Each structure stands twice: as structure tokens, then as C-alpha cells.
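Here is the structure we will look at, set down as C-alpha cells.
The values are calculated or read from the model by the stated rules, or taken from the named source; none is laboratory data. These numbers were taken from a predicted model, which means no experiment stands behind them. Note that we place each Cβ from the backbone using ideal geometry, even for glycine, and neighbour counts take in every protein chain shown.
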Amino acid sequence: MPSVTITQLSDLADLRLPGEAWGALLARGDTDTVFLTRSWQAVWWETFGRGRLLLLAAEEGGRVAAVAPLFCEAGMVFFTGSGGSDYLDFIGDIGEPAVLEALLAAARDATEGFVGFRFYHVPEHSRTGERLRAAAPRLGLVCHDEGDLAAPALDLAGDPHAARSGVGKKSLVRHERALARDGRLEVRHLREPDAIRPLLPAFFEQHIARWAATPYPSLFLDPLQRRFYERLVDEAPAGGWLRFTSVTWNEQPVAFHFGTCYRRVYLWYKPSFDIALARRSPGEVLLRHLLLAAIDEGARTFDFGLGDEPFKRRFATHVPRVRTWGLYPPEVGKPDAGRASEA
């Protein structure tokens, strides 16, 4: 068996792993998601990065087999993207135990005052969880299952009847017809940065107003969050996975959605609607048109993302889950959530 060599890359633009190679590794791994694309990871680190980047490449037989996109802070090691990213994982093939163990050992050795690993939001379909369980004792660590979250989804390809039923739900159609009857209703699906960028301030303000009267203030009160979305628009591949939808009524914006369509998975990511029109349900009109857009694109899945809100269950055909894994030395035990908090 070829030995495994670990190289620490300087940053997410390191030319030793060009963009096409990153994409090829993603396609070989258990989790190929927009949150692990090079552009998403780079923008996340640029905006929210703290501590020290640990971008580790495992080479086996002269080729890169896998990449661990990590950072360390206060002795803890996390996936880059921990915070705002629904699905995270290692990139590439970690099926050979020596590859995963070498990556984990290198990250541990590079982390001053090592406390442990906390890997957020690993999809349950990924074999990473079982591989971490197997690797932990060989590295003198204890593996903990730290809980899961629901991620409801609608199977568009495998259950076309459910897809048609979803877009035809009476409540969605009724609200759309009412708005169209009483004014001019227009829905635009945008992909190009030059078209999306001018709409972001209105999207941010609408989201802030929507959540102002609730116990959950809008994330867009944080300038860093606004910066993150602006940079995603700037850095997403032109005509690629970015999807931004605008719903106007009588030429006024009544709903927006910032999402993606990557590998035929259409993601419900960040919606907003005009709270002053809540009784007219512009959010349901938005959802109907996103479902229609996904069907028109030939998406195989409409992914409602993390969270088990009741409206998602009205449409979902299945409820995958993501799981958080922690690995700690026996003498450390499981750190409290405050010390190992999500980014």
C-alpha cells in the first residue's frame, strides 16, 4: 500500500490544487455539495475565518486523494464553513483508513494546545461518521455522536407526482391568483452577478424587517453576513450554481430568495418576504415559483436545507439528517458547547 504524505496548502487559492482538481476531488467524495466548492469555501474563510487555516492535502501514490478543509482555534479543529453551511465533509476519497488517519494526525499535531475535533453537519449518507469511529481509537481519541439535525427534501426525479402535487397545492395557487388579480405580479430568476448585485440591499432590508418583531433578529444586521452574501455573488461561477429570485407586485419587491442549484440539487437557502403583506402570503408565491424553477431546470432534488419547520414537511418526500461528530483525547472528555462553539 502506498504511503500517505500530508501537505499543508497555503490558502484556498493554492495553485498546487487548481480549481479543476478541487472539483474532481469533490466528485469522488461522499459529499459533493455547493458548500464544499472552492468558491464557497474561499469566501467563507475570507469573511468569517478565525484562528488558523489548516488546509491539508493527502497524497497517496503521487496523487492527491483527499483534502481536509479545516481551521483551528483555541485548541479545537473544525471544518471551514462551520457556520452558515448546511453540509460539510472531507473532500475526496477517505475510504483508505491511512488517508483519514494521516489527515487527522497532521491536524492534531499542527494545533497548539489540542483539545479535539468537532465536525459539524456531516450528511448521514456519508460514510465519514463510521470512518471517524474506526479511526478514533487508533489515534488515541474517543469519538462522540453530538447530535443531528433534519434536512427535509423533495424528490423531484424519483417522485414526480409529489413534485406536481407540491406546485399545485391549493394554498400556493390561491395566493398567487389573488396577487395577480389585484395587481401586476412578476417573478424573475437571476443567475448573473451584475443582475443580482443591485437587488441585495433591498433583500437585506426586507429580511431585517421580516424578523424584527420576532425573538430571532435577522442575520443581516451583522455587516459580515451582508459582506458574505455580496462576496458569494462576486465569486460564484458566472452562469453557474447561484440562483436569486425576485418577486415584485405592482413593481414593488414582495419576496426574494438567495439560493443555489448545484449538481441538480436546488437549495432553499435564504428567503425573505414583505412583512407588511404577510396576510397575502408572498412567501408561498415565492416557494411555488422556486419549485417550478427547479422542475424546469431538471433538478433531481429540492432541498429545504437544515431545519424542521412545519411548512417543509408539507412538501418533503423524505427527511435526511446531518450529524455532528466530536473526537477528543480520553483525558479531555467532551468540551462544553461554549468552548467548541460553531463558527
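For region 305-334, filtering for residues that are in a loop (DSSP other than H, G, I, E, B) and among the hydrophobic types (A, V, I, L, M, F, W, C) leaves 5. Within region 107-135, if we keep just the residues that are of a type in the set (Asp, Glu) and in contact (Cβ under 8 Å) with a residue 12 or more places away in the chain, the residue that is nearest to Leu70 (Cα to Cα) turns out to be Glu112. Here region 162-184 is the region considered, the condition is being out of contact with any Asp or Glu (no Cβ under 9 Å at 6 or more places or on another chain), of a type outside the set (Gly, Ala, Ser) and under 22 Å from Leu267 (Cβ atoms), and the residue that is surrounded by the most Cβ atoms within 10 Å (Cβ to Cβ) is Val167.
One line per residue, one yes/no per condition, for (1) modelled with pLDDT of 95 or more; (2) under 19 Å from Val34 (Cβ atoms):
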| position | (1), (2) |
| --- | --- |
| His175 | no, no |
| Arg184 | yes, no |
| His189 | yes, yes |
| Thr214 | no, no |
| Leu219 | yes, yes |
| Arg226 | yes, no |
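Residues in region 1-33 that are of a type in the set (A, V, I, L, M, F, W, C), without any contact (Cβ under 8 Å) to a residue 12 or more places away in the chain and assigned to a helix (DSSP H, G or I): 2 in all.
Quick grid of which residues meet (1) closer than 17 Å to Ala135 by Cα; (2) of a type in the set (Phe, Trp, Tyr); (3) in the same structural domain as Glu124 (by TED's automatic domain parsing); (4) assigned to a loop (DSSP other than H, G, I, E, B):
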{"residue": "Phe35", "(1), (2), (3), (4)": "no, yes, yes, no"}
{"residue": "Gln41", "(1), (2), (3), (4)": "no, no, yes, no"}
{"residue": "Leu54", "(1), (2), (3), (4)": "no, no, yes, no"}
{"residue": "Ser82", "(1), (2), (3), (4)": "no, no, yes, yes"}
{"residue": "Tyr87", "(1), (2), (3), (4)": "no, yes, yes, yes"}
{"residue": "Ile94", "(1), (2), (3), (4)": "yes, no, yes, yes"}
